[in-house]
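Asks: Sending over a structure as structure tokens; questions will come in a sec.
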Amino acid sequence: MVVHKIFSVNGSSLYKQNKKAYNSFIKYLIKEDKKTENKDKRNIARKKIINYVLNHPVMSKAELAKELNLSMPTVLANVNDLLEKRLLEEVGEYASTGGRKAKSIGINKSYCHAMGLLITANHIEIVLVNLGDEIVKKDRIRLKFTAELSYCTEVAQKVETFLADEPAKETLLGIGIAIPGIIDQKERIVLKSHALGIENYSLRFLEQAVGMPVYFENDANAAMLAEKKQKYPNAIYLSLNHTLGGAFCIDGKLYRGQNQKAGEFGHMILVPGGKKCYCGKSGCADAYCAASVLTEDNRQSLDAFMENLESGDKKVLQIWNEYLDHLAVLISNLRMAYDMDIILGGDVGGVLSDYMIPLGEKVMAYNGFEHDVSYLKNCSYRKEASAVGAAKYFFAEHMMEI
């Protein structure tokens, strides 16, 4: 026994020499252990409360106690402390049921802010997000990517200009940067990016140039992070942009794979021996389901394509139906493999909300094991998902410290 060894002096037991001292020390150890245990319980309760209020705009103290299975004294102590810290605020009153009206509480959205930045081959997209996941400010700037150091300096200047005279910068936690490529977050390296044409590209200078805490993330992973984890703890995110990306969460956490390549759904073979993909293979899902299929590799805008579709253009309608057919096959395969919700995001995901019935019918034709497609979900953000998701990283990290 450890305690017995502690009290062993030159082979003779202190217990035999001084029972009073021994018993006092045992009581001290038990008391300290209980303090640690109580502190751990308080921390767990606080994290539960913070996580709940981040995912529910308005609630009551009674609701918190019921939903989180916490005692009312525990809820009151934590909520009062969070109100004092201004993380929570009273936002109104519930209807009276005969006694005093219960106060409704909610997250103080202006408590802190974070920036998100998406880098693409020809643009950067910047957003400022509050704690309520609302976009306070956004801008899309044409800026061609280059591997030169001058590009990092120019990005930093655009960020500085974006924040000029912005009151929210006083509560800014950092900037999340989303990049289309495979990222080694620990080493701050883009291992490979077809979209940007780089390999083993160091992000250190960009981090230094920006001059604030930075978080780097793959663009599809970041888009997944933009969705609420409590709503979609287990889900696949299909990022239907110019190229097809993907990500998925298990128990609310991104699954990255052994080599940071999980979610590369765009390079699953959809049509053996089919169209050539930019990766060099033939028949990849990207060659059939990316937005570039509809925009003729950016020779026209997606908005223009959708306008022609709505006007009844027969050629465009045929392209659209073929696109939905291939997308339905991909969706059915992913559902069979993962058995979880599938969120349709990216540029095309943003316009699919008006076409869920024809898409659902095509998916059902390939899946004889289910009777509906309620697992298909529309994304929360159409254009800004990756930038918002990268920004939200800082909220999760900061909340752990409160």
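The values are calculated or read from the model by the stated rules, or taken from the named source; none is laboratory data. The shown structure was predicted, so the numbers you read here are calculated from the model rather than taken from an experiment. Note that we place each Cβ from the backbone using ideal geometry, even for glycine, and neighbour counts take in every protein chain shown. Each accessible area value is taken on the protein alone, full model and side chains, heavy atoms only, with ligands, DNA and RNA left out. Shrake-Rupley method; radii C 1.70, N 1.55, O 1.52, S 1.80 Å.
Asks: Using only helices, what value at 222 nm comes out for the chain when you add -39,500 (n - 2.57) per DSSP H run of length 4 or more and divide by the total residues, to the nearest 500 deg cm²/dmol?
Replies: Estimated from H runs of four or more residues: -13000 deg cm²/dmol.
Asks: As I understand it, the dipole of the stretch 224-375 uses +1 on the Cβ of Lys and Arg and -1 on the Cβ of Asp and Glu, about the Cα centre. Which of Ile319, Ala235, Ala291 lies farthest toward its positive end?
Replies: The residue sitting most towards the positive pole is Ala235.
Asks: Using a 1.4 angstrom probe on heavy atoms only, work out the carbon and sulfur share of the accessible area of the chain in %.
Replies: 50 percent
Asks: Find out how many positive minus negative residues lie around His123, taking Lys and Arg as positive, Asp and Glu as negative, among other residues whose Cβ is under 12 Å from that of His123.
Replies: Overall, the nearby charge balance is +3.
Asks: Of the cross-linked pairs Lys103/Lys169; Lys109/Lys377; Lys144/Lys377, which ones have a Cα-Cα span greater than 29 Å in the structure shown?
Replies: Values: Lys103/Lys169 31 Å; Lys109/Lys377 26 Å; Lys144/Lys377 33 Å.
From the list (Lys103/Lys169; Lys109/Lys377; Lys144/Lys377), the Cα-Cα distance tops 29 Å for Lys103/Lys169; Lys144/Lys377.
Asks: Still on this structure: Over the stretch 297-402, what is the mean sequence separation of C-alpha contacts under 8 Å (at least six apart), divided by residue count, expressed as relative contact order in percent?
Replies: 26 percent
Asks: Test of the criteria: in the stretch 170-227, which chymotrypsin sites (Phe, Trp or Tyr not before Pro) are in a DSSP loop and have at most 10 other Cβ atoms within 10 angstrom of their Cβ?
Replies: none
Asks: So what is the relative contact order of the chain, in percent, for Cα pairs below 8 Å that sit 6 or more residues apart?
Replies: Answer for the chain is 15 percent.
Asks: Sort the following peptides by mean Cβ neighbour count (other Cβ atoms within 10 Å, averaged over residues), highest first: 111-120, 324-333.
Replies: Going by the mean number of other Cβ atoms within 10 Å, highest first, we get 111-120, 324-333.
Asks: For the ranges 342-353, 307-318, 289-300, 265-276, what's the packing order if you count other beta-carbon atoms within 10 Å of each residue, average per peptide, and put the highest first?
Replies: Most protected by this proxy first, the peptides run 342-353, 289-300, 265-276, 307-318.
Asks: Sticking with this one: Considering the values (1) 47, 27, 25; (2) 40, 21, 19; (3) 37, 27, 19, which represents semi-axes √(5λ) of the Cα gyration tensor in Å as calculated for the structure under consideration?
Replies: (1)
Asks: Rolling a 1.4 angstrom probe over the protein heavy atoms, how many square angstrom per residue are accessible across the stretch 107-200?
Replies: 47 Å²
Asks: Moving to a separate point now. How big is the dipole moment of the chain about its Cα centre under a simple scheme where the beta carbon of each Lys and Arg is +1, that of each Asp and Glu is -1, and everything else is neutral? Debye, nearest 20, please.
Replies: Working: 51 positive and 49 negative charges, 484 e Å.
For the chain, the charge dipole is close to 2320 debye.
Asks: Which whole-number value in Å² is the accessible area per residue of the stretch 252-355, probe 1.4 Å? Can you show the working numbers first?
Replies: Working: 5170 Å² over 104 residues.
Here the residues of the stretch 252-355 average 50 Å² of exposed surface.
Asks: Within 10 Å, count the other beta carbons around each residue, average over each peptide in 226-235, 358-367, and list them highest first.
Replies: Numbers: 226-235: 18.0, 358-367: 16.4.
Listed from highest to lowest mean packing, they are 226-235, 358-367.
Asks: Mind listing the long-range amide H neighbours of Asn108? Cut-off is under 5 Å, sequence gap 5 or more, other chains count too, H placed in the peptide plane at 1.01 Å from N.
Replies: For Asn108, the qualifying residues are Leu88, Glu89.
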